[in-house]
Amino acid sequence: MKVLVDTNVILDVLMRREPFYQDSKAVLQLCESRVLGFITASQTTVLFYVLCKNGCTEQQAKDIIRRIAKRIKLIDDKAIDAKKALESEISDYEDAFLAFCAKRIKAQYIITRNEKDFALSPVPALSPKAFLDQFF
């Protein structure tokens, strides 16, 4: 199974945000074994920025992103995804961009805590908890 993992799920784990930490951590652990997980290259820049804003040095942020990239595959951002996102009815551009990246890689789901933001997505979205409950 292929999934695109939204940035908020990764940040839930990195920042130990409750009550989301355990379910998000379980999803990332599944991406190491039974699920093919993906993030976009542009998500790494968001992660870097947030990590540095929250006390990590640049080197620490890079090391964290390297560890993530060993577990979750990085996909390239494509101009076609940006164009489709700009034309999309999905109001949040970043979510629209992720939705079309997920479609391009033929992901079955987007794993996010913001399921409602992906209501118009061509790829269905599930929360980490809903994903775990449904499939594991």
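Residues that are surrounded by 13 or more Cβ atoms within 10 Å (Cβ to Cβ) and more than 13 Å from the chain's Cα centre (by Cα) were ranked within the range 78-99; the one that is farthest from residue 122 (Cα to Cα) is 78. Within the range 104-136, how many residues are surrounded by fewer than 22 Cβ atoms within 10 Å (Cβ to Cβ), in a helix (DSSP H, G or I) and not small (Gly, Ala, Ser)? Residues meeting the conditions: 9. Among the residues that make up the range 18-26, is at least one of them of a type in the set (Phe, Trp, Tyr), over 18 Å from residue 114 (Cα atoms), touching a helix residue (DSSP H, G or I) at 6+ places or on another chain (Cβ under 9 Å) and part of a helix (DSSP H, G or I)? No: zero hits.
Every condition in (1) out of contact with any Leu (no Cβ under 8 Å at 6 or more places or on another chain); (2) more than 22 Å from residue 13 (Cα to Cα); (3) assigned to a helix (DSSP H, G or I); (4) not aliphatic (A, V, I, L, M) holds for residue 101 except the one numbered (1). So which residues in the range 9-54 are of a type in the set (Phe, Trp, Tyr) and either in contact (Cβ under 8 Å) with a residue 60 or more places away in the chain or within 12 Å of residue 128 (Cα to Cα) (or both)? Of everything in the range 9-54, those that are of a type in the set (Phe, Trp, Tyr) and either in contact (Cβ under 8 Å) with a residue 60 or more places away in the chain or within 12 Å of residue 128 (Cα to Cα) (or both) turn out to be 20, 21, 38.
Laboratory data are not the source of any read-out in this text; all were calculated from the coordinates shown. Just so we're clear, the structure is a prediction, and the values are computed from it rather than from any experiment. Cβ: placed from backbone, ideal geometry, glycine included. Neighbour counts: every protein chain shown.
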